[in-house]
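Student: Before we start, here is the structure in question, set down as structure tokens.
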Amino acid sequence: MDGTASALIGHYLSFLRAQRKLSPHTLDNYGRDLQELRSLLTPADADASTAELDLRGVTQVQIRKCAARLHARGLNARSISRKLSAWRGFFGWLSMEIELPANPVDGVKPPKKSKPLPKALAADDAVRLVAQADPGRDPDSTLAACNRAMFELLYSSGLRVSELVGIDVADIGEGSYESAGWIDLGEAEVTVTGKGGKKRKVPVGKAALQAISDWLPLRAGLVRADGGTDCHALFLNERGARMSPRVTQLRLKAHGKGVEMASDVHPHMLRHSFASHVLQSSGDLRAVQEMLGHASITATQVYTALDFQRLAQVYDQAHPRARKGGKDNNN
């Protein structure tokens, strides 16, 4: 077998094509990633198109430098991770073809992926979304009443959509059936089961309580005698079955378009909005952690960044020295 880097890359791609049956598109990506590695490893004063290098001598330090150069060029962490995976697979195959001291890509990690901040609605937009009727629907219909009760409760209590659809009209314990969650209108609170099977109680606001009270008489007309455990569900679809997370997502998205929201909305956006708005008003991070059901306060701290973003926007709009092109106010 020709031992040049170019030839070995070609042999590896042939192996992937024959043995792993990869698509032409995937093979092209592998080929580009490996040729880029070859170029990165070639000395700066050499012609990358003709120079050959000894792959036996490639070290982990060199691979780290290659990854660092890609990062310096602005390549995102996901793309660098993909390239490292391609390089690691290549050297793994190469170790079966020629003698290598070790796989130089093993132990090399991509830069940490930056976590985008969760998208939260402005308070006025969140209220408009859950309170305003869709002009394309009958506001007195069963579907509209169910939607409003679900959306109000999502925003009122910061629930996950999986927690929302698991709520029963009361705490049921019949035989082998045990409620995952339930609503207590008298106490103005909802009990839900979060991640790790951990139950928690969350307050429910006045608007959500009213929307649920308006929904319950209409819900009674959907309950089927043979509905099994679905007959306990607080939120039912038109067929009398427990509401699903997917249908809830689709309904909220359609409702957002109906009331002309600027962006697509989804249930988790209401959860983020709840957390951000409560934190803005109270500053109590621990309370928000408890209501969201986060096991660690680290997960809740992301909302402090959202809060700072809002403060930064207020500063930029209000402070005379922050206005772009504005004049100083010396009065």
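Student: Within region 191-245, track down each residue that is hydroxyl-bearing (Ser, Thr, Tyr) and farther than 24 Å from residue 290 by Cα. Lay out the reasoning, then the answer.
Tutor: Looking only at region 191-245, we keep the residues that are hydroxyl-bearing (Ser, Thr, Tyr), and these are 191, 193, 213, 229, 244.
Across region 191-245, the qualifying residues are 213, 229, 244.
Student: Provide a single number: the residues in region 50-79 that are more than 26 Å from residue 19 (Cβ to Cβ) and open to solvent by less than 20 Å² (accessible area, probe 1.4 Å).
Tutor: Summing the residues that are more than 26 Å from residue 19 (Cβ to Cβ) and open to solvent by less than 20 Å² (accessible area, probe 1.4 Å) in region 50-79 gives 4.
Student: Sort out which residues of region 58-74 are in contact (Cβ under 8 Å) with a residue 24 or more places away in the chain and not in a helix (DSSP H, G or I), and write them in order of number.
Tutor: Answer for region 58-74, where residues must be in contact (Cβ under 8 Å) with a residue 24 or more places away in the chain and not in a helix (DSSP H, G or I): 58, 59.
Student: Check whether at least one residue in region 162-171 is of a type in the set (Gly, Ala, Ser), buried (at least 18 other Cβ atoms within 10 Å of the Cβ) and either modelled with pLDDT under 95 or within 24 Å of the chain's Cα centre (by Cα) (or both), and report yes or no.
Tutor: Step one: of region 162-171, the residues of a type in the set (Gly, Ala, Ser) are 162, 166, 170.
Imposing the further condition that a residue be buried (at least 18 other Cβ atoms within 10 Å of the Cβ) reduces the set to 166.
Checking which are either modelled with pLDDT under 95 or within 24 Å of the chain's Cα centre (by Cα) (or both) leaves us with 166.
Within region 162-171, one or more residues are of a type in the set (Gly, Ala, Ser), buried (at least 18 other Cβ atoms within 10 Å of the Cβ) and either modelled with pLDDT under 95 or within 24 Å of the chain's Cα centre (by Cα) (or both).
Student: Something else: Give the residues of region 1-34 that are open to solvent by 80 Å² or more (accessible area, probe 1.4 Å) and either under 40 Å from the mean Cα position of the chain (by Cα) or at pLDDT 90 or above (or both), sorted by residue number.
Tutor: The first filter runs over region 1-34 and keeps only residues open to solvent by 80 Å² or more (accessible area, probe 1.4 Å), leaving 1-2, 17, 19-21, 24-25, 28, 32.
Residues satisfying the conditions are 17, 19, 20, 21, 24, 25, 28, 32.
Student: From (1) touching a residue at least 40 places away in the same chain (Cβ under 8 Å); (2) open to solvent by 70 Å² or more (accessible area, probe 1.4 Å), pick out the condition that doesn't hold for residue 199.
Tutor: Result: residue 199 fails condition (1) only.
Student: Which of the residues that make up region 270-283 are more than 21 Å from residue 143 (Cβ to Cβ) and either hydrophobic (A, V, I, L, M, F, W, C) or open to solvent by 10 Å² or more (accessible area, probe 1.4 Å) (or both)? I'd like the intermediate steps shown before the answer.
Tutor: Taking region 270-283 first, the residues more than 21 Å from residue 143 (Cβ to Cβ) are 271-283.
272, 274, 275, 277, 278, 279, 280, 281, 282, 283, listed by residue number.
Student: Could you list, in sequence order, the residues of region 119-149 that are surrounded by 15 or more Cβ atoms within 10 Å (Cβ to Cβ), closer than 23 Å to residue 303 by Cβ and hydrophobic (A, V, I, L, M, F, W, C)?
Tutor: Selection gives 120, 121, 126, 127, 129, 130.
Student: For the condition assigned to a loop (DSSP other than H, G, I, E, B), at pLDDT 95 or above, open to solvent by less than 10 Å² (accessible area, probe 1.4 Å) and not β-branched (Val, Ile, Thr), what is the one hit in 159, 153? Spell out how you get there, then give the answer.
Tutor: Numbers: 153 fails: assigned to a loop (DSSP other than H, G, I, E, B).
Matching residue, one of 159, 153: 159.
Student: Go through region 80-107 and count every residue that is open to solvent by 60 Å² or more (accessible area, probe 1.4 Å), of a type in the set (S, T, N, Q) and not in a helix (DSSP H, G or I). Write out each step before concluding.
Tutor: Taking region 80-107 as the starting set, the residues that turn out to be open to solvent by 60 Å² or more (accessible area, probe 1.4 Å) are 82, 85, 88, 95-97, 99, 101-102, 106.
With of a type in the set (S, T, N, Q) added as a condition, the list becomes 85, 95.
Within this subset, residues satisfying the condition of being not in a helix (DSSP H, G or I) are none.
Number satisfying all stated conditions: 0.
Student: Residues to consider are 153, 84, 70; find the one that is touching a helix residue (DSSP H, G or I) at 6+ places or on another chain (Cβ under 7 Å) and closer than 21 Å to residue 203 by Cα. Lay out the reasoning, then the answer.
Tutor: Details: 84 fails: closer than 21 Å to residue 203 by Cα; 70 fails: closer than 21 Å to residue 203 by Cα.
So the residue among 153, 84, 70 that is touching a helix residue (DSSP H, G or I) at 6+ places or on another chain (Cβ under 7 Å) and closer than 21 Å to residue 203 by Cα is 153.
Student: Which condition number in (1) at pLDDT 90 or above; (2) out of contact with any Pro (no Cβ under 9 Å at 6 or more places or on another chain) is the one that residue 116 fails?
Tutor: Every condition holds for residue 116 apart from (1).
Student: Can you pull out the residues in region 236-268 that are surrounded by 14 or more Cβ atoms within 10 Å (Cβ to Cβ), under 21 Å from the mean Cα position of the chain (by Cα) and of a type in the set (S, T, N, Q)?
Tutor: Within region 236-268, 244, 248, 249 qualify.
Student: Taking region 169-221, which residues are more than 28 Å from residue 128 (Cα to Cα) and outside any strand (DSSP E or B)?
Tutor: If the condition is that a residue be more than 28 Å from residue 128 (Cα to Cα) and outside any strand (DSSP E or B), then 170, 171, 172, 175, 176, 179, 180, 195, 196, 197, 198, 221 are the ones that fit.
Student: Something else: Can you tell me which of (1) at pLDDT 95 or above; (2) closer than 16 Å to residue 160 by Cβ is the one residue 194 doesn't meet?
Tutor: The number of the failed condition is (1).
Student: Among the listed residues 81, 14, identify the single one that is hydroxyl-bearing (Ser, Thr, Tyr) and in contact with a Lys or Arg (Cβ under 9 Å, 6 or more places away or on another chain).
Tutor: Details: 14 fails: in contact with a Lys or Arg (Cβ under 9 Å, 6 or more places away or on another chain).
Step by step, each of 81, 14 is checked, and only 81 is hydroxyl-bearing (Ser, Thr, Tyr) and in contact with a Lys or Arg (Cβ under 9 Å, 6 or more places away or on another chain).
Student: So which helices (runs of 4 or more DSSP H) are wholly in region 248-331 and hold at least 1 residues that are farther than 22 Å from residue 198 by Cβ and modelled with pLDDT of 90 or more?
Tutor: On the way: elements: 267-282, 285-292, 297-300, 302-318.
Those helices (runs of 4 or more DSSP H) span 267-282.
The values are calculated or read from the model by the stated rules, or taken from the named source; none is laboratory data. Being a predicted model, the structure only gives us computed values, none of them experimental. When we count neighbours, we look across all protein chains shown, and the Cβ atoms used for this are built from the backbone with ideal geometry, even at glycine. Accessible surface is based on the protein model in full, side chains and every heavy atom, while ligands, DNA and RNA are left aside. Shrake-Rupley method; radii C 1.70, N 1.55, O 1.52, S 1.80 Å.
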